[in-house]
Amino acid sequence: MTEIGVQLYTLRDLLAKDFVGTLRKVSEIGYRAVELHHYGGLEPTELRKVLDDLNLRPVSSHVALNRFESELDQVIDEAKAIGLEYLVCPFLPQERRQSKADYEALAGILAKAAQACKAAGIKLGYHNHDFEFETFDGTTALDLLLTALESEGVQMELDVYWAHKAGYQPTEFLRRYAGRADLLHAKDMSKETGAFETVGKGVLDWNSLFEAASAAGVKYYIVEQDVCPGDPLESIAASLAFLQEHLKA
């Protein structure tokens, strides 16, 4: 069954003030899965206990590229202690995405990381923004990267907002990478401003997305709203309600 989680980056300001208390509110809203972006200053075993006590399952975590390069063994040890299923590279710094060769270099780094993750029983993923839809020789950087990493089984964590913002249909990429799209970042775009919006209240065609995601084998919808104009807890609650209604999760 498809599950719904939340990327805790959405709540970063609240987490900075009260990490455990904010996690408790996430659980009270009704989430049972979370995607981490840091560990709140806790040791991995401490974090796992906190999450277990709150009935929250840590599905995945975003980990900066430089850590995959310089601290891979530690990253994997942390993931195993926390109980993560996935590790995700979330962002490519601007100076490292200027050419096709840059993405080829990234593929080499992620291939090595994927092999180590696989040996530990963890899957590696890559999360897109809009810049990965720049084309080189007629092919998007995202396609170049995912094609190069096919043999390593690296997952696409498709951020549907950024794909749409770049002028592409997210459904196209779900179809293209069926079986490699376990994680989907669920966010929406405001009709009026183009800014981030609560899921279901913006311009994205969710009926088509649900159909394509089901066919592609999406396992987790991860709610994320990079910027919330109001209370982010209210935003993630509304997004959860929309997804539960339509996915019957």
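Just so it is clear, none of the values below were taken in a lab; they were calculated from the coordinates. Note that the coordinates shown come from a computational prediction; the quantities given were computed from them, not determined experimentally. A quick note on method: Cβ atoms are made from the backbone with ideal geometry, for glycine too, and the neighbour counts reach across all protein chains shown.
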State which entries of Lys100/Lys201; Lys100/Lys219; Lys201/Lys248; Lys25/Lys118; Lys123/Lys187; Lys112/Lys201 exceed 28 angstrom in Cα-Cα distance in the structure shown.
Lys100/Lys201; Lys100/Lys219; Lys25/Lys118; Lys112/Lys201
Using Cβ counts within 10 Å as a stand-in for footprinting exposure, how do Val154, Val218 rank, fewest first?
Val218, Val154
Restricting to Cα pairs under 8 Å and 6 or more apart, the percent relative contact order of the chain works out to 20
How far apart, in nm, are the 7 Å Cα→Cβ label points at Thr193 and Asp231?
1.9
Going by a ≥ b ≥ c, the root eigenvalues of the Cα gyration tensor, does the range 1-80 fall in the rounded group (a/c under 1.5), the prolate group (a/b larger than b/c) or the oblate group?
prolate
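Can you name the helices of the chain, as whole DSSP H runs, whose Cα span along the helix axis is 27 Å or more and whose Kyte-Doolittle mean is not below 0.0?
Flagged H segments are 100-119.
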Above 32 Å lies some portion of the pair distances; for the range 3-247, what is it as a whole percent of all C-alpha pairs?
17
Percentage, to the nearest whole number, of Cα pairs in the range 140-249 over 25 Å apart:
20
State to the nearest 20 debye the size of the charge dipole of the range 3-247 about its Cα centre, where the only charges are +1 on K and R beta carbons and -1 on D and E beta carbons.
320
Of all stretches in the chain that avoid trypsin sites (Lys or Arg not before Pro) placed in a DSSP loop and having at most 10 other Cβ atoms within 10 Å, the longest is 1-190
